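Trainee: The structure that follows is given in the form of structure tokens.
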Amino acid sequence: MTTADNGVNVQALLDARQALKDAPEAAQFTWRASSRWDHGVHSTTTIEKFFGLGQEQTHKAQSTFEADHPAVFAAEDNGITPIEYLLVGLAGCLTAGVASVAQNRGIQLRSVEAHVEGQHDIRGILGDGDVRNGYEGIKVTFNIDADASRQEIEALVAQSQKRSAVFDALTNPTDVTVEVA
């Protein structure tokens with residue numbers, strides 16, 4: 001049997017899981033993002049530092065994200081909308097999960113594509129109190145080419161969904177506190 005190589009170090013993940021069983025306080029992470037208003041509805045958000053494994057950590061490089069609204073919203077379209085970033089996060093998390101689970105199960109991937117669509121009635125954000133502000137529904141469709149049966153591929157996706165932090169945050173209530181400093 002050929003060993004799968006999807007670029008995921010499963011042994012390191014399994015070792016981390018075991019180590020964190022013995023030191024659960026080290027598993028407490030704080031992810032951070034800082035956003036700066038630019039002009040109109042355009043903002044720039046940066047991510048560089050986070051807390052984890054009991055200490056401050058720094059990503060290899062700072063990441064910058066532009067958020068704006070499209071011209072059809074009378075904006076300048078300098079970036080994707082904030083609600084589209086939710087789709088980016090969900091697609092990225094589920095796709096990473098598929099790769100990790102496939103590696104752990106010895107399944108060689110050739111390609112993985114996730115297509116994500118969110119249904120959104122924008123009347124809510126424009127002040128119509130009878131319409132929800134956020135997505136009414138999100139659909140994720142995977143196209144996966146792998147050395148596996150359809151049933152095995154469906155199991156990869158199901159396990160990825162089960163372990164996805166973003167899927168969990170979107171489908172379960174999450175306490176969010178907003179305050180003015």
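The values are calculated or read from the model by the stated rules, or taken from the named source; none is laboratory data. These numbers come from a predicted model, not from an experiment. Cβ sites come from the backbone with ideal geometry, for glycine too, and all protein chains shown count toward neighbours. The accessibility values were calculated without ligands, DNA or RNA, using every heavy atom of the protein model including side chains. Shrake-Rupley method; radii C 1.70, N 1.55, O 1.52, S 1.80 Å.
Trainee: Give me the angle, in degrees from 0 to 90, between the Cα long axis of helix 10-22 and the longest principal axis of the Cα atoms of the chain, rounded to the nearest 10.
Mentor: 80
Trainee: Between (i) 10, 40, 35, 11, 3, 1, 0; (ii) 8, 25, 34, 23, 9, 1; (iii) 9, 35, 38, 16, 2, 0, which entry matches P(r) over Cα pairs in 10 Å bins from 0, in percent as derived from the coordinates of this structure?
Mentor: Given (i) 10, 40, 35, 11, 3, 1, 0; (ii) 8, 25, 34, 23, 9, 1; (iii) 9, 35, 38, 16, 2, 0, the structure-derived one carries the label (ii).
Trainee: Please list 117-130, 145-158, 165-178 highest first by mean number of surrounding beta-carbon atoms within 10 Å per residue.
Mentor: The packing order, highest mean first, is 145-158, 117-130, 165-178.
Trainee: Relative to the Cα centre, what is the charge dipole magnitude of the stretch 55-181, using +1 at the beta carbon of each Lys and Arg, -1 at the beta carbon of each Asp and Glu, and rounding to the nearest 20 debye?
Mentor: 620
Trainee: Pairing the Cα long axis of helix 82-104 with the longest principal axis of the chain, what angle in degrees results, from 0 to 90 and rounded to the nearest 10?
Mentor: 0
Trainee: What does the net charge come to around Pro82 if you take all other residues with beta carbon closer than 13 Å to its beta carbon, with K and R at +1 and D and E at -1?
Mentor: Net of charged neighbours comes to -3.
Trainee: Packing-wise, with mean Cβ within 10 Å as the measure, how do 4-13, 85-94 rank, highest first?
Mentor: Going by the mean number of other Cβ atoms within 10 Å, highest first, we get 85-94, 4-13.
Trainee: Roughly speaking, what is the centre-to-centre gap between the stretch 123-181 and the stretch 1-55 when only Cα atoms are used, to the nearest Å?
Mentor: Cα centres, the stretch 123-181 to the stretch 1-55: 18 Å.
Trainee: Using the charge dipole of the chain (Lys, Arg: +1 at Cβ; Asp, Glu: -1 at Cβ; taken about the Cα centre), state which of Val116, Ser100, Leu126 has its Cα farthest towards the positive end.
Mentor: Final value for the positive-end residue is Ser100.
Trainee: With a 1.4 Å probe and all protein chains left in place, how much of the accessible area of the stretch 111-153 comes from carbon and sulfur atoms, in whole percent? Mind dumping the intermediate values first?
Mentor: Numbers: 1270 of 3060 Å².
Whole-percent figure for carbon plus sulfur exposure: 42.
Trainee: Within the chain, count lysine pairs with alpha carbon atoms under 25 angstrom apart where the residues are 8 or more positions apart or belong to different chains. Mind dumping the intermediate values first?
Mentor: On the way: Lys21/Lys49; Lys21/Lys162; Lys49/Lys60; Lys139/Lys162.
The result is 4.
Trainee: Next up: In the stretch 134-181, what is the volume of the convex hull around the alpha carbon atoms, normalised per residue and reported in Å³?
Mentor: Hull volume over Cα atoms, normalised by residue count, gives 124 Å³.
Trainee: Sticking with this one: Across 10 Å bins from 0, what is the distribution of all Cα-Cα pair distances for the stretch 1-96, in whole percents?
Mentor: Bin by bin from 0 Å, the calculated values are 13, 28, 31, 18, 9, 1.
Trainee: Averaged per residue, what accessible surface does the stretch 6-138 expose to a 1.4 Å probe, in Å²?
Mentor: Value returned for the stretch 6-138: 66 Å² of accessible area per residue.
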